[in-house]
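Derivation of every value follows stated rules applied to the coordinates shown; laboratory data play no part. Since this is a predicted model, take the numbers as computed values, not measurements. All Cβ positions, even for glycine, are placed from backbone atoms using ideal geometry, and neighbour counts span all protein chains on display.
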Amino acid sequence: MRIPEDLRYAEDHEWILVDGDVAMIGITDYAQDQLGDIVFVELPDEDDSLEQGDSFGVVESVKAASDLYLPVGGTVVEVNYELEDTPEAINSDPYEAWIVKIKLSDPSELEELMNADEYKEHTAE
Amino acid sequence: MSLKRTPLFDKYPEHGGKIVEFGGFEMPIQFETSLTDEHNRVREFAGLFDVSHMGEIIVTGKDSVPFLNYILTNDVSKMKIGRVIYTFMCNENGGVVDDFMVYKIAEDNYALIVNASNTEKDFQWIKNLVGEYEVNVDDITARIGQLALQGPKSLEILEKLSDDDIASIPNLAFVGDFEFGDNCFKVAGKPCLISKTGYTGEDGYEIYCKAEDTAPIWDAILATEIAGEKPWPIGLGARDTLRFEAGLPLYGNEMKDDIPVVYLGMNFAIKFNKDDFVGKKALEEAKANPKQKLVGFELTGKGVPRQGYEIVDGDEVIGEVTTGYIPPTIQKPIGNAYVNVAKAVLGETITVMLRKRPVEATIISNRFLDNK
């Protein structure tokens, strides 16, 4: 399982790449492997204002639907619309196929996230 | 109570089997590739399913025919030896206790191949109905292994493992019996009852053997090459997407004990011209005054329909999705649903609640593969 060093991680298997006050969010290699072939991604609307823990979308595999929860709160500034046509990109390139970009409302929430080593331990449990 | 295992349980790890609980058994939901790859392998080449968890209930005795005709909706009286029919077994309300194939092994000797999750229930149900009928009812599941080899290369694969004329077996027919003696064809040297039947919409065979012979036959089939390609082991996940695309119903999804089975739209398996049978009166009434019908649908908006999602008309709930997917062969959001009769019409528009989001759908035939 790939776990890039330069990313932060949430307990429910999202990755976060921070650039200033914008967080790019996707799901990890571990998550896509657990889900199986992804056939549909439900995306939020741009400008949605969401809190940490709010659902920001759904990832659907052949077998099941999985809600996505925001690891950090803020406003949705960009959505990866390519996933509407090629949801399977999340399976093949989970760290390139980002889902949303959030302008952070409270950057201190980032401190609650895991680093790569901590996430690796978390997935081993 | 601990879960049961088929004779092939120790084989699953050899192929990366991911184990789940199903029908009281530990079964593989998929193997080392993916649900999609397994599904496609069956459609394009061949796949092998361990279905040993299914039940075999044998009815014998001089009253076999009138007894079975009383407890089942279909008519066994016209069956020839070596033939298979599909039937429902209903309760007094016309709901389904189970659905299964019936094999006529010999005069007054019938095998009911029942759903794994229902074997014990069915056995008790059938025994409770014996009354004055002179029949014996036996559950022989524990001594029987069952494999399903499905896909366009199935016959070629079996022909490499047998000197017997498997090609001579027509659809919905079989050769052999459960004594596994001289009446049986052999696969990989083991005596089997072989039927040309299946649950995927592809050509294929179901192979019944002694429990202890299941593993060697499984190994032999998976090792067989046709032009350098071999069949794959297939899990229960792909089994469901395959049968769904083929328009085949599943007990627990399209059939329940509180839905009159005439709503399913498979009345070829219900013979109303028989003498009385369990559920006949309720089914006649439901046929005359149906409230709902099972339909197929395709979403016109985006999303994935799933079992349990509601069908609505304004504020009113008018139905429910029984099975839904974006399946691997027909890559569209499609499903089966029970819908109130007024809206259960081909071409009609219905609204499916995808969790909290309403999405429109068009009613289509649920023979999805035929209409691809």
(message) Please compute the alpha carbon radius of gyration of chain B, then divide it by the globular-protein estimate 2.2 N^0.38 Å. Two decimals is fine.
(response) 1.00
(request) Alpha carbons only, please: Rg and Dmax for segment B:99-221, in angstrom. (result) 15.1, 48
(request) Take every DSSP beta bridge whose two residues both sit in chain B, then give the antiparallel share in percent to the nearest 5. (result) 95 percent
(message) If you split all Cα-Cα distances of segment B:236-343 into 5 Å bins from zero, what percentages do you get per bin, shortest first?
(response) 2, 11, 21, 21, 18, 13, 8, 4, 1, 0
(message) Using C-alpha positions alone, give me the convex hull volume of segment B:283-343 per residue in cubic angstrom.
(response) 101 Å³
(message) Only counting other Cβ atoms within 10 Å, I'd like B:Arg43, B:Arg83 sorted with the fewest neighbours first.
(response) B:Arg83, B:Arg43
(message) Give the average over all directions of the projected area of the C-alpha convex hull of the protein assembly as shown, one decimal, in nm².
(response) 25.9 nm²
(request) Summarise the partner chain shielding of B:323-333 as one whole number: the mean count of Cβ atoms from other chains within 10 Å of each residue's Cβ. (result) 2
(message) To the nearest 20 Debye, how big is the dipole of segment A:1-97 about its Cα centre, given +1 on the beta carbon of each Lys and Arg and -1 on that of each Asp and Glu?
(response) 380 debye
(request) For A:Asp19, put the label point 7 Å out on the Cα→Cβ axis and report which residues of segment A:70-92 keep their amide N under 14 Å from it. (result) A:77-80
(message) Need the list of lysines near B:Lys343 for cross-linking: C-alpha distance under 16 angstrom, and skip anything on the same chain fewer than eight residues off.
(response) B:Lys291, B:Lys293
(message) Using the Cα centre of chain A as origin and beta-carbon charges of +1 (Lys, Arg) and -1 (Asp, Glu), tell me which of A:Met114, A:Pro44, A:Gln32 is placed farthest towards the positive end of the dipole.
(response) A:Gln32
(request) Starting from the Cα of A:Asp67, step 7 Å toward the Cβ, then list every residue of segment B:349-366 with an amide N under 16 Å from that point. (result) B:354-357
(request) Tell me the GluC sites (Glu not before Pro) within segment A:70-115 that lie in a loop according to DSSP and have at most 10 other beta-carbon atoms within 10 Å. (result) A:Glu96
(request) Towards the positive end of the charge dipole of segment B:1-68, with charges on Cβ (+1 Lys, Arg; -1 Asp, Glu), say which of B:Met54, B:Gly17, B:Val65 has the farthest Cα. (result) B:Val65
(message) Cut-off under 29 Å on the C-alpha distance; same-chain residues fewer than 8 positions from B:Lys190 excluded. Which lysines are left, in chain and number order?
(response) B:Lys4, B:Lys11, B:Lys18, B:Lys80, B:Lys104, B:Lys153, B:Lys160, B:Lys210, B:Lys230
(message) Can you pull out the GluC sites (Glu not before Pro) in segment B:1-104 whose DSSP state is coil and whose Cβ has at most 12 other Cβ atoms within 10 Å?
(response) B:Glu92
(message) Run lengths n ≥ 4 of DSSP H only: what is the helix-derived mean residue ellipticity at 222 nm for chain B, with -39500 (n - 2.57) per run over all residues, to the nearest 500?
(response) -5000 deg cm²/dmol
(message) Placing unit charges on C-beta atoms (Lys and Arg positive, Asp and Glu negative, everything else neutral), compute the dipole magnitude of the protein assembly as shown about its Cα centre in debye, rounded to 20.
(response) 2760 debye
(message) As a footprinting exposure proxy, order A:Thr75, B:Thr300, A:Thr28, B:Thr73 by other Cβ within 10 Å, with the fewest listed first.
(response) B:Thr300, A:Thr75, A:Thr28, B:Thr73
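Shielding of A:61-67 by partners, i.e. mean partner chain Cβ atoms within 10 Å per residue?
5
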(message) Taking the Cα centroid of segment A:1-74 and of segment B:76-132, what is the distance between the two, rounded to the nearest whole Å?
(response) 49 Å
(request) Would you kindly calculate the mean projected area, averaged across all directions, of the convex hull enclosing the Cα atoms of segment A:1-45, in square nanometres? (result) 4.1 nm²
(request) Evaluate the Debye formula for segment A:53-115 with equal point scatterers sitting on the alpha carbons, no solvent, and hand back log10 of I(q)/I(0) at q = 0.16, 0.29 Å⁻¹, in q order, two decimals. (result) -0.61, -1.33
(message) Let me see the P(r) profile for segment B:63-109: every Cα-Cα distance counted, bins of 10 Å, each bin given as a percent of all pairs.
(response) 27, 57, 15, 1
(request) Go from 0 up to the bin containing the longest alpha carbon distance in segment A:21-70, width 10 Å each, and give me the % of pairs per bin. (result) 23, 53, 23, 1
(message) Quick check: from the Cα gyration tensor, does chain A come out rounded (a/c under 1.5), prolate or oblate?
(response) oblate
(request) Give a quick list of trypsin sites (Lys or Arg not before Pro) in segment B:215-307 that DSSP marks as loop, anything other than H, G, I, E or B, with at most 15 other Cβ atoms within 10 Å. (result) B:Lys256, B:Lys291, B:Lys302
(message) Based on C-alpha coordinates, I'd like the Rg and Dmax of segment B:1-79, in Å.
(response) 18.2, 50
